[in-house]
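Report on one structure; see the data block that follows.
Laboratory data are not the source of any read-out in this text; all were calculated from the coordinates shown. Only a predicted model underlies this, so the values are computations on that prediction, with no experimental measurement involved. Using ideal geometry, Cβ is built from the backbone for each residue, glycine included, and neighbour counts are taken over all protein chains shown.
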Amino acid sequence: MIDLTIIIPTRNRLPSLARLFASLSLSLSRIETSFEIFVVNNGDIQNTAKILELAIAANLEIVVLGPTPGKSWGLNEGLKRAKGKIICPLDDDVVVASDWAERLLGAHRSTGFDAIQGKILPGVDPEGRPADPTRLREYNIPMIDYGEEVREIRGLTGTNGSFKREVFERVGYYDTRLGPGGSGFSEDTEYSTRIRREGFKIGYTPHAIVYHELNPARYGLAVKRDAQYRKGLSRSVYRHDSIVFDVLPNLFANCVRLVIYKALGARQKSYKTEGRILKYWGYLVGKVRLFKLFGAR
């Protein structure tokens, strides 16, 4: 059996994919264990040949699947073919640290966790400029940094999260209603919920690191608002939170906090709280839509 399976869904991000391939080539050259890489084309069919050219340029052996619309569909195509003891989905807009593969496999051998989330740090923008530490939340990228100790956590993100083969064999495939190409978000959150429901433990390691690229098109409050609202819509597809005892009280409490934080000039706290409000609001809107759709039948 192969030691590591990497699955990379990608949609029309060839420059980003080239950077990821280069970093993977270096990182994987440092391990002596076997691996396989599936790249799932979620975009233009003409990109398939270009993806292979990028892999050849990086001296990286890959298998290209697709075209398949939707991230969850793409992940599932990779899972159907995966032979690895460890399975790791990766986003196409990250680069991995030179010791990433070594650290990831080491964490699976030594920690006892069934699924592991690695650290995600901000990378650089297309011009090579690093992140401004005072504006990290405004870049609207997933960042995971729970400190320098290995510990148990509740969930995986869509990149740099990995799991043992036994997890997939019991949990199954990703929910294709969710994620980019579907509801937009939450395929990773829902999958984590099923992992825990099956009795598996999810851990965090600070040692397996990837760097998420900064994309100016994702900067700012408008993008944040839209993303949080759509996360709420996505949650409404698979979660059943109490509207009366959970959603509405939290929505009201966060509205009160937002007023207080704005009065105090607490910019970052206001930014985060507004995101929570929009997420709860999106959840409510999603539930109303589902009720209208199925209640009318």
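Some observations on this one:
- Amide H contacts under 5 Å for V40, placed H, 5+ residues apart: I8, T10, L65
- Residue-averaged [θ]222 nm for the chain, counting only DSSP H segments that reach four residues, each worth -39500 (n - 2.57): -14000 deg cm²/dmol
- GNM result for the chain, Cα springs below 10 Å: residue of D175, D114, D44 fluctuating most strongly: D44
- Net length gained if the chain between T134 and V244 were fully extended (0.36 nm per residue, minus Cα distance): 35.9 nm
- Inter-probe distance in nm under a simple model that places probes 7 Å from Cα toward Cβ, at R289 and R196: 2.6 nm
- Listed candidates [x] 55, 48, 42; [y] 51, 45, 39; [z] 68, 41, 34 - label of the one calculated as Cα extents along the principal axes in Å: [x]
- Rg and Dmax, both from the Cα atoms of region 221-295 and both in Å, are 13.2, 44.
- Working from label points 7 Å from Cα in the Cα-to-Cβ sense, the L121 to M143 distance is 1.2 nm.
- GNM top mover of E169, E36, E152 - the chain, alpha-carbon springs below 10 Å: E169
- Amide H contacts for V124 (H built 1.01 Å from N in the peptide plane; partners 5 or more residues away or on another chain; cut-off under 5 Å): L214.
- Proximal lysine pairs, region 221-295, alpha carbons under 24 Å, eight or more residues apart or interchain: 17
- In plain terms, the residue of L20, L178 with the fewest other Cβ atoms within 10 Å comes first and the most crowded comes last, giving L178, L20.
- Spatial offset of region 245-260 relative to region 8-63 amounts to 44 Å, using the alpha carbon center of each.
- Our estimate of slack between L264 and R154, defined as 0.36 nm per intervening residue step minus the Cα-Cα distance, is 36.4 nm.
- By the count of neighbouring beta-carbon atoms within 10 Å, fewest first, K224, K80, K71 end up ordered K80, K224, K71.
- Straightening the chain between V63 and R109 buys 13.9 nm, computed as 0.36 nm per residue apart minus the Cα-Cα spacing.
- For the chain, a crude dipole built from +1 on the beta carbon of Lys and Arg and -1 on the beta carbon of Asp and Glu, taken about the Cα centre, is about 1380 debye to the nearest 20.
- Between D241, D188, D92, the GNM of the chain built on Cα springs shorter than 10 angstrom shows D241 fluctuating the most.
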